[in-house]
Amino acid sequence: MRKKFVPIYIILSLLTIVAFCEIKKESINVENFLPIFYLPIVDIQNGNGITSVYYDINEDTSTYSIEITVVFADEDHPSKIFDFVYDLFRKQKYKRKEDVETFYIYIDKNFQLEKIDFNYNGTGTYSGEQKFFIKRPKHFSKIISGRDFKLEGKRPIIYINTWNHMFSEKPTSKLEYKRIDKYTLKFGSRKQVENTFRKKR
Ligand SMILES: [Ca+2]
């Protein structure tokens, strides 16, 4: 190879790499990775079902991640008195009675589920071994490997295990769960979801 062609080859190679990366990013279909949720039927009967799911795409990281924000109609503390006070507190603090929980789905370079990070802004959204009616549930933060999820296609199955809607890759109680694989999907970040509630009321 003649010396004067070398820079052209380098430039062409770089352009090819850039083009390839662009194609990869654009060809990831968010819908392929949307979680299938399992929520205890008792929670749905009490009026705390999923009303919508928001997604946002994070392109700042070297891997690709999808921010998933799940909106529940309400959340009910097992004690009615606590629940009443807690609903008032949330309406005052967050301007909503809805419960909003967020986690991140990471997709690797081979278009496979790499991991899910159950944490939003320093607050965990992982249930651990806690059971549904636990009186003082903890917000655990945990990153679960993609290999630990049951998958349907590429969609991970996520159990909602506690009344305050903490997530896990496995169920923690013997309650009957309802499968939720279709839901109202909207584009938006957790921040945008919070702002929507603040404007509404
Ligand atoms: Ca409530």
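The values are calculated or read from the model by the stated rules, or taken from the named source; none is laboratory data. In this text the structure is predicted, and so the values were computed from the model without any measurement. Cβ atoms come from the backbone with ideal geometry, glycine included; neighbour counts cover every protein chain shown.
In this structure, does Phe133 turn out to be more than 22 Å from Val53 (Cα to Cα) and either loosely packed, with under 13 Cβ neighbours inside 10 Å or touching a Phe, Trp or Tyr at 6+ places or on another chain (Cβ under 7 Å) (or both)? Yes, satisfied.
Of the residues contained in the stretch 92-103, one or more are found to be in contact (Cβ under 8 Å) with a residue 40 or more places away in the chain, over 25 Å from Tyr159 (Cβ atoms) and either surrounded by fewer than 17 Cβ atoms within 10 Å (Cβ to Cβ) or among the acidic types (Asp, Glu) (or both). Would you be able to say whether some residue in the stretch 103-119 is within 13 Å of the ligand (Cβ to nearest atom) and outside any loop (DSSP other than H, G, I, E, B)? No; the residues of the stretch 103-119 include none that is within 13 Å of the ligand (Cβ to nearest atom) and outside any loop (DSSP other than H, G, I, E, B). Exactly one residue among Val42, Val71, Val18 is modelled with pLDDT of 95 or more and in a helix (DSSP H, G or I), and that residue is Val42. Total residues in the stretch 154-200 satisfying the condition of being farther than 17 Å from Tyr120 by Cα, at pLDDT below 95 and not in a loop (DSSP other than H, G, I, E, B): the figure is 5. When the criteria are applied in full, Arg96 meets the requirement of being in a loop (DSSP other than H, G, I, E, B), closer than 20 Å to Asn195 by Cβ and within 16 Å of the ligand (Cβ to nearest atom).
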